[in-house]
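The values are calculated or read from the model by the stated rules, or taken from the named source; none is laboratory data. Note that the structure is predicted; figures quoted are calculated from it, not measured. Cβ sites come from the backbone with ideal geometry, for glycine too, and all protein chains shown count toward neighbours. These area figures cover heavy atoms from the full protein model, side chains too; ligands, DNA and RNA do not enter into them. Shrake-Rupley method; radii C 1.70, N 1.55, O 1.52, S 1.80 Å.
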Amino acid sequence: CHDSNGELHEFGSKWRNADCYDCFCSKHRIQCCSSFMTPVGYDKEKCVSIFNKETCKYKVVEKDDHSKECPVYASVG
């Protein structure tokens, strides 16, 4: 299997790509799914979600002070 970056992967192999998607190569196709949850239930006027590609996670923080985390009530995967 060749992925979107042109890298070759063996049939039956699994990997996480640079965009934080978990991928699997079968004889018929490459299938990728997000490895992270996207926060949707939080105060969007006061807070902002920031994605960290190193940890493959979102952090929801106050817009005016990124050191203060905001509560998240719902996420989607």
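A few comments on the model shown:
- The trypsin sites (Lys or Arg not before Pro) of the chain that DSSP puts in a loop, and whose beta carbon has at most 14 other beta carbons within 10 Å, are LYS27, ARG29, LYS44, LYS46, LYS53, LYS63, LYS68.
- Here the label points at LYS53 and HIS28, each 7 Å from Cα along the C-beta direction, are separated by 3.3 nm in the simple model.
- Amide H contacts under 5 Å for ASP43: none, restricted to partners 5 or more places along the chain or on a different chain, H placed in the peptide plane at 1.01 Å from N.
- Fraction of accessible area attributable to carbon and sulfur, the chain (%, probe 1.4 Å): 49
- Alpha-carbon centroid distance for the pair region 2-19 / region 34-77, whole angstrom: 28
- Dipole-positive endmost among TYR58, SER34, TYR73 within the chain (Cβ charges, Cα centre): SER34
- Lysine pairs within the chain, Cα separation less than 21 Å, 8 or more sequence positions apart or different chains: 15
- Taking a sphere under 10 Å around the Cβ of SER34 and counting the other residues whose Cβ falls inside, with K and R at +1 and D and E at -1, yields a net charge of -2.
- In the chain, the GluC sites (Glu not before Pro) that fall in loop regions by DSSP, at most 14 other Cβ within 10 Å: GLU7, GLU10, GLU45, GLU54
- Gyration tensor verdict on the chain (Cα atoms; rounded if a/c is under 1.5, prolate if a/b is larger than b/c, oblate otherwise): prolate
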